[in-house]
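Novice: Here it is: the structure, laid out below.
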(Lines give C-alpha, C1' and ligand atoms only; values in the text may rest on other atoms or scores of the structure.)
Protein backbone atom coordinates (compact mmCIF):
# COMPACT_ATOMS: atom_id res chain seq x y z
CA UNK A 1 0.00 0.00 0.00
CA UNK A 2 2.98 2.31 -0.40
CA UNK A 3 1.59 5.22 -2.43
CA UNK A 4 4.61 7.42 -1.96
CA UNK A 5 7.58 7.68 -4.32
CA UNK A 6 10.77 6.13 -3.00
CA UNK A 7 12.83 8.65 -1.05
CA UNK A 8 16.60 8.31 -1.02
CA UNK A 9 17.81 8.44 2.61
CA UNK A 10 19.26 11.79 3.66
CA UNK A 11 18.18 13.42 0.40
CA UNK A 12 16.38 16.72 0.59
CA UNK A 13 12.86 16.72 -0.76
CA UNK A 14 12.16 20.12 -2.25
CA UNK A 15 10.13 22.02 -4.80
CA UNK A 16 7.10 20.46 -6.40
CA UNK A 17 8.07 17.00 -5.11
CA UNK A 18 7.91 18.30 -1.51
CA UNK A 19 4.59 20.05 -2.10
CA UNK A 20 3.09 16.91 -3.65
CA UNK A 21 4.44 14.66 -0.89
CA UNK A 22 3.06 17.01 1.79
CA UNK A 23 -0.35 17.03 0.06
CA UNK A 24 -0.38 13.21 -0.16
CA UNK A 25 0.58 12.87 3.49
CA UNK A 26 -2.07 15.39 4.52
CA UNK A 27 -4.74 13.50 2.60
CA UNK A 28 -3.80 10.24 4.31
CA UNK A 29 -3.57 11.89 7.76
CA UNK A 30 -6.98 13.53 7.38
CA UNK A 31 -8.37 10.13 6.35
CA UNK A 32 -7.27 8.76 9.73
CA UNK A 33 -3.69 7.51 9.30
CA UNK A 34 -1.31 8.15 12.18
CA UNK A 35 1.92 10.10 11.75
CA UNK A 36 3.87 6.97 12.68
CA UNK A 37 2.05 4.90 10.05
CA UNK A 38 2.70 7.58 7.42
CA UNK A 39 6.37 7.70 8.38
CA UNK A 40 6.68 3.92 7.98
CA UNK A 41 4.86 3.86 4.66
CA UNK A 42 6.83 6.79 3.18
CA UNK A 43 10.13 5.60 4.71
CA UNK A 44 10.61 8.94 6.45
CA UNK A 45 11.21 9.90 10.06
CA UNK A 46 8.34 10.87 12.35
CA UNK A 47 9.82 14.38 12.56
CA UNK A 48 10.00 14.78 8.78
CA UNK A 49 6.38 13.69 8.35
CA UNK A 50 5.29 16.00 11.19
CA UNK A 51 7.12 18.92 9.55
CA UNK A 52 5.59 18.21 6.13
CA UNK A 53 2.12 18.01 7.68
CA UNK A 54 2.73 21.30 9.50
CA UNK A 55 3.84 22.93 6.25
CA UNK A 56 0.69 21.67 4.55
CA UNK A 57 -1.46 23.37 7.20
CA UNK A 58 -2.99 20.26 8.75
CA UNK A 59 -4.89 20.50 12.05
CA UNK A 60 -3.39 17.84 14.27
CA UNK A 61 -5.51 15.41 16.24
CA UNK A 62 -4.81 15.06 19.97
CA UNK A 63 -2.28 12.37 20.80
CA UNK A 64 -3.66 9.06 22.02
CA UNK A 65 -0.35 8.07 23.61
CA UNK A 66 -0.26 8.17 27.41
CA UNK A 67 1.38 11.24 28.92
CA UNK A 68 4.71 10.70 30.65
CA UNK A 69 4.62 11.50 34.35
CA UNK A 70 7.19 14.04 35.59
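Novice: Filter region 1-32 down to residues that are modelled with pLDDT of 80 or more and in contact with a helix residue (DSSP H, G or I) (Cβ under 8 Å, 6 or more places away or on another chain) and give me whichever is surrounded by the fewest Cβ atoms within 10 Å (Cβ to Cβ).
Specialist: 18
Novice: Please find, within region 33-56, the residue that is modelled with the lowest pLDDT out of those that are within 20 Å of residue 12 (Cα to Cα) and in a loop (DSSP other than H, G, I, E, B).
Specialist: Ranking the qualifying residues of region 33-56, first place goes to 43.
Novice: Looking at region 16-47 only, could you name the residues that are touching a residue at least 24 places away in the same chain (Cβ under 8 Å) and under 14 Å from residue 4 (Cβ atoms)?
Specialist: Hits for region 16-47 are 18, 21, 22, 23, 25, 26, 28, 29, 41, 42, 43, 44.
The values are calculated or read from the model by the stated rules, or taken from the named source; none is laboratory data. For clarity, every value in this text was computed on a predicted model and none was experimentally measured. Note that each Cβ is placed from the backbone with ideal geometry, even for glycine, and that neighbours are counted across all protein chains shown.
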